[in-house]
Structures are given as C-alpha cells and as structure tokens.
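Chemist: Can you keep this structure in mind? I'll have questions shortly.
The values are calculated or read from the model by the stated rules, or taken from the named source; none is laboratory data. Keep in mind that what you see is a predicted model, and the values were worked out from it rather than measured. For neighbour counting, all protein chains shown are included, and Cβ atoms are generated from backbone atoms with ideal geometry for every residue, glycine included. Ligands, DNA and RNA are stripped out before the accessible areas are found, and what is left, the full protein with its side chains, is counted by its heavy atoms. Shrake-Rupley method; radii C 1.70, N 1.55, O 1.52, S 1.80 Å.
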Amino acid sequence: MTRNAFLLFFLFLTFVSNSQTYQKVNINELVSDFITTQKIDTLITYKKITPERPIFIVEPSSDEKDTCFDDLVNPPVYVFWKKQGSFFLTKINYCHEYTILTPEDTSFWNIYFSNKTVIDNEKGKLFEYINIKKEKYAIGIGNSTFQELCVIVNGNKTEKLFDIFNLQKESDGLININYKHNINLKSKLIIDLLEKTTSEAEKNNNFKK
C-alpha cells in the first residue's frame, strides 16, 4: 500500500470511529429531534449552502480524533430559539453535539414579530436586467451560494431561500433591476443578522463540542 493510500485509509477509519452515528440520518431529523428534546415552540433555523469544493488531504491532522468528514462537506444548521423569555443558539451537524450559547444580538426576533405578515408574504426576485431593446431577461449561475431561513412559531412555518447571486447589484456589466427590492426585504435583514452572529461565533470558536 502506498504512503498516500495508507494515509487516506487511516483518515477514513478515523472519521468513522470518531463521528457520531448520524450519517444515515437526515439533518432535518436531527434538528427536529433537538426541537422536541428541548421542547421549543418558537425558533429560527439558518443554513448557508455553498458550492461544493474539493478537499485535499495530505497529512493526518494533530487533532484527528475531533475530525469528522461530514463536518467538512455538509453545511451545519444553526438553531436560534426563544424560551421563557430567554434567547439561545446552537449548531447542529452530523458529527458532534455543541454547547448552547446565549447570543448578544437578538434584534432579529423583534424584526420578525414586528413585520410577521410582511415577512410571511414577501418573496425575493431573480437577477433581471433590461437590454438595449428594452427587453427584460433573467439570469443565474450554477454554483451560487444560498442562505436558507426557517421560522417556526407554534407549529406555523415560514421558509425563505436566498440566492446570493440575486442580491448583487450588477454582474459583468449587467444591472440587476431587482437589487433594491431584494436587499430591502425584511427576511433578508434577518438573514444578515443571523449570518453575522454565526460567523462571529465560528470565528471565536464559541461552539464547543
């Protein structure tokens, strides 16, 4: 067996032995189980879906016991919830259980409840442009990043999915006529706050296994 093949085989065994037995479970089932266990009825879930990128493994990491292959390729789900007047946040994926945090910025809850009817009905628009003949066309890309928002209150669910490409002001000289509409949506404002909160938590390594 060559050295590289041995290293890949070793890492595969490490991933299997150290990850929890979640690989055959749908991520939505893990979130549902968590909600049931915590007895949550008011929550927001946030997930960022990025284009697939190849992973190159050269050497076993020094902390391979904490490494999980699914953690590298599957987007985690962040759960924000409100319970008995307090606010909480955690991260859910296939590989580990994470500590529960208390986020400092909870303004997105006020934004939602103050604009619930508007948010429940608003929709993002595609990237559209007008050509020199005054004709309208929609364009998109195949490897875009998506942001997924889901609000559940007493069993009532509101879901929003944003394509980052549609939020651009222009692309290759083409002006997005729906730019202002998309960036001014209340649900987009909530997503921006969730992205900021989760990014800072990840950067500061606040999610402890």
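Chemist: Can you give me the % of accessible surface on region 167-209 that is carbon or sulfur? Probe 1.4 Å, all protein chains present, nothing else counted.
Modeler: After summing per-atom areas, the C and S share lands at 46 percent.
Chemist: Now, a different point. Cβ under 13 Å from THR42's Cβ, THR42 left aside: what net charge do those residues give with Lys, Arg +1 and Asp, Glu -1?
Modeler: +4
Chemist: Could you calculate the FRET efficiency of GLU159 with GLN84 from 1/(1 + (r/R0)^6), where r is the beta carbon distance between them and R0 is 45 Å, rounded to 0.05?
Modeler: Using R0 = 45 Å, I get an efficiency of 0.95.
Chemist: Using 0.36 nm per residue, how much length does the chain from ASN110 to ASN178 gain when fully extended, once their Cα-Cα distance is taken away?
Modeler: Result for the pair: 21.9 nm of gain on full extension.
Chemist: What list of whole percents do you get for P(r) of region 76-209, with Cα-Cα distances grouped in 10 Å bins up to the one holding the largest distance?
Modeler: Here the calculated profile for region 76-209 is 10, 35, 31, 17, 5, 1.
Chemist: Sticking with this structure for a sec: Per 0.36 nm of contour for each residue apart, how much would the distance between THR102 and LYS209 grow if the chain were fully extended, relative to their Cα-Cα spacing?
Modeler: Fully extending the segment from THR102 to LYS209 adds 36.9 nm.
Chemist: Highest mean first, how do 136-143, 34-41 rank when packing is the count of other Cβ atoms within 10 Å averaged over residues?
Modeler: 34-41, 136-143
Chemist: Continuing with the same structure: I need the shape label for region 114-165. Rule: rounded when a/c is under 1.5, else prolate if a/b > b/c, else oblate, with a, b, c from the alpha carbon gyration tensor.
Modeler: Oblate, because a/c is 1.5 or more while a/b does not exceed b/c.
Chemist: To the nearest 0.05, what FRET efficiency results for SER171 and PHE146 with a Förster distance of 22 Å applied to their C-beta separation?
Modeler: Efficiency, rounded to the nearest 0.05: 0.85.
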